[in-house]
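The values are calculated or read from the model by the stated rules, or taken from the named source; none is laboratory data. Source: prediction; values computed, not measured. So basically every Cβ, Gly included, is an ideal-geometry build from the backbone, and we count neighbours across all protein chains shown. Side chains included, ligands, DNA and RNA excluded: accessible areas come from the protein's heavy atoms. Shrake-Rupley method; radii C 1.70, N 1.55, O 1.52, S 1.80 Å.
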Amino acid sequence: MTLLRVEKVSKRFGGICANEDISFDLDAGQIVGLIGPNGAGKTTMFNCIAGYAHPTFGKIWLDGKEVSGLRPDQCARIGIGRTFQVARTFHSMSALENVMVGAVLVNRSIPAAREYGWKLLELVSLAKFADKPAASMTISEQRRLAVARSLAIKPRLLLMDEVMAGLNPSEVKEMVDTVKKIRDKGISCLIVEHVLEGIMPIADKIVVLDYGRKIAEGPPEVVSNDPVVIAAYLGDE
Ligand SMILES: Nc1ncnc2c1ncn2[C@@H]1O[C@H](COP(=O)(O)OP(=O)(O)OP(=O)(O)O)[C@@H](O)[C@H]1O
Ligand SMILES: [Mg+2]
């Protein structure tokens, strides 16, 4: 079943075409990687899907409902969660409080939000930080905390923007394991990532952007051997 459909989406900022005529689908239960060089238009596409920007042309659908044009809070309510490229955590609040900020929106009471917050911290292997301030956590732990926060609204689709950037190999593995656990809970994932060794082994499909356009789409092993993709990353030389 198609969960997300991106249909001929263009996003212009004045004369800049950040996204140009991009189409792709994501099926329920899939992990899809959205990759491409710096400035390719990946975060802009996330902003269009999550209501932070509106496509200049084209449409976006979640489970048959048009989401292009909705506000971020409306996108969140129909099941689109996201993390931000620069991790946003409330530094002086505890890990549990950070997650509860989102959880109170969808749980009927504070105790229910707290209980749900605990479950999310366990899912991202951060339960031991429940009472500790976010400021005391490493970057890797703060990234997983940001993921837990984005899960607090109970999304059907989670957009993750470079959650593996700057992590060492064992931290990347922890994040990869976290993503797999999220998918196994039935939450579909669209992941923007430069850390290809993190995304390639877990993605069902990779979509490649370059200069705002989609230049490739397919299974990771096919895309990573595509001469057009290699040229986009390494240059024609
Ligand atoms: N609000 C904006 N106003 C003007 N130009 C923008 C805006 N947002 C993005 N752009 C431009 O659109 C293009 C795509 O940017 P975007 O942030 O989507 O790329 P990206 O693929 O996420 O890059 P990176 O890998 O560096 O995060 C860039 O040229 C950027 O400067
Ligand atoms: Mg970006």
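Of the listed requirements (1) within 13 Å of ligand 1 (Cβ to nearest atom); (2) modelled with pLDDT under 95, N107 misses just one: (1). Given the structure, is E193 closer than 26 Å to V86 by Cα, of a type in the set (D, E, K, R) and open to solvent by less than 10 Å² (accessible area, probe 1.4 Å)? Answer is yes for this residue.
Name the one entry in R144, R156 that is under 26 Å from K8 (Cβ atoms) and modelled with pLDDT of 95 or more. Steps first, please.
Values: R144 fails: under 26 Å from K8 (Cβ atoms).
R156 is the lone residue from the list that is under 26 Å from K8 (Cβ atoms) and modelled with pLDDT of 95 or more.
Just one residue in the set D210, D161 is open to solvent by less than 40 Å² (accessible area, probe 1.4 Å), farther than 26 Å from G79 by Cβ and within 16 Å of ligand 2 (Cβ to nearest atom); that residue is D210. Within region 69-101, the residues that satisfy the criterion of being within 16 Å of ligand 1 (Cβ to nearest atom) and in contact (Cβ under 8 Å) with a residue 40 or more places away in the chain are R82, T83, F84, Q85, A87, R88.
Which of the residues belonging to region 45-59 are open to solvent by 10 Å² or more (accessible area, probe 1.4 Å) and either near ligand 1 (Cβ under 9 Å from one of its atoms) or under 17 Å from the mean Cα position of the chain (by Cα) (or both)?
Taking region 45-59 as the starting set, the residues that turn out to be open to solvent by 10 Å² or more (accessible area, probe 1.4 Å) are 47, 52-59.
Listed by number, the residues that qualify are N47, Y52, A53.
Checking the structure you have, find out if any residue of region 19-39 is within 16 Å of ligand 1 (Cβ to nearest atom) and of a type in the set (S, T, Y). Break it down into steps so the answer makes sense when it comes.
In the first step, residues of region 19-39 are kept if they are within 16 Å of ligand 1 (Cβ to nearest atom); the result is 19-22, 24, 32-39.
Checking which are of a type in the set (S, T, Y) leaves us with none.
No; the residues of region 19-39 include none that is within 16 Å of ligand 1 (Cβ to nearest atom) and of a type in the set (S, T, Y).
Among the residues making up region 28-44, a single one is open to solvent by less than 10 Å² (accessible area, probe 1.4 Å), in a loop (DSSP other than H, G, I, E, B) and more than 9 Å from ligand 2 (Cβ to nearest atom): G36.
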